[in-house]
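One structure below.
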Amino acid sequence: NRFERHTINIGVVGRAGQGKSRLLQSLSGLTSNEIPDGSGGHCTGVRSSLQHQIGEVKADVFFHNERSFLQEIIHPYYEKLKLGKAPFLLDKFAHNPLPELPQDLIKSATHNAMYEHLKKYHECFPKYGDLLTKSEALTIKREQIREFVAQDDVAGERVFYNFLAVKEVRIYCEFPNSDVGKIMLIDMPGLGDTGYGDEERLIATLGKEVDFVLFVRMPKVVRGVWEDVDVKLYDVANNALKSDL
């Protein structure tokens, strides 16, 4: 399957604030309007691929449908947070109140963070829900890309919600070094950037679509040691690449 592809797929992995987005900008010739970066926290919302193509910069946006949104995004929260029977219809998820977080999980910071992210999906549904009905990819211009891949605008304001419905964005642009050949760069949201379940999707993507991983970490000037979260993310990527061999 790997040799039948027309590109060598390079997954770029790293925590937020490590320079991953700046590296991708340098390699692709794109800017922060298309590849979000910032110092205010997590900004990338979805996985996007960057492929060399001569011509105007454009992108194809692929959205979740009702089934994939509920099964891949929402249901894992219900299972992990012990919220009971998960909704199997978008209408039920959108209009019924969320179950309360169980008492035995209330004191857990991790589970509370997961629950807050699930609340974002629930409370912001009117702002992105109509995108889940699109059966075909949406082709957009360069100036529209950020509002589908980012959580915030260039000023750092959290005004974008489309990314909650997006499954993948494929960006076509002319790389500055056109002799790089047929490669595809796959920008993965950093560990902890989004919600529960994203690590599982990261593993699935790496195992099936990525040929090797470029792990990006910015060393500190003082005491630049590998931290536990770095080691965990490295193991996630490494184990995913071995999963189908």
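The values are calculated or read from the model by the stated rules, or taken from the named source; none is laboratory data. Note that this is a predicted model, so its numbers are computed, not measured. As a convention, Cβ positions derive from the backbone with ideal geometry for all residues, glycine included, and neighbour counts pool all protein chains shown. Remember, those area values only see protein heavy atoms, side chains included, never the ligands or the DNA or RNA. Shrake-Rupley method; radii C 1.70, N 1.55, O 1.52, S 1.80 Å.
When only the Cβ of Lys, Arg, Asp and Glu is charged (+1, +1, -1, -1), the dipole of the chain relative to its Cα centre reaches about 260 debye. Mean-square fluctuations from a GNM of the chain, with a 10 angstrom spring cutoff on Cα atoms, peak among 142, 223, 170 at 223. Of the residues 56, 209, 66, the one that moves most in a GNM of the chain with alpha-carbon contacts below 10 Å is 56. In the stretch 1-94, Cα pairs under 8 Å separated by at least six residues give a relative contact order of 15 percent. Here the contact order of the chain, divided by its residue count and restricted to Cα pairs under 8 Å and six or more residues apart, works out to 40 percent. Mean residue ellipticity, 222 nm, helices only, the chain: the sum of -39500 (n - 2.57) across DSSP H runs of n ≥ 4, divided by residue count and rounded to 500, is -8000 deg cm²/dmol. Solvent-accessible surface of the chain, taken per residue with a 1.4 Å probe and all protein chains present: 55 Å². Counting 0.36 nm for each residue step from residue 53 to residue 212 and taking away their Cα separation leaves a gain of 55.1 nm.
What residue among 114, 184, 218 shows peak mean-square fluctuation when the chain is described by a Gaussian network model with Cα springs under 10 Å? Greatest mean-square fluctuation among the candidates belongs to 218.
What relative contact order, as a whole-number percentage, does the stretch 100-184 give when Cα pairs under 8 Å and 6 or more residues apart are counted?
21 percent
Counting protein heavy atoms only, the chain has 51 percent of its accessible area on carbon and sulfur, 1.4 angstrom probe.
Look at the dipole of the chain built from charges on Cβ: of 145, 183, 233, the Cα furthest out on the positive end belongs to 233.
Residue 62 sits with roughly 60 Å² accessible to a 1.4 Å probe, with DNA, RNA and ligands left out of the calculation.
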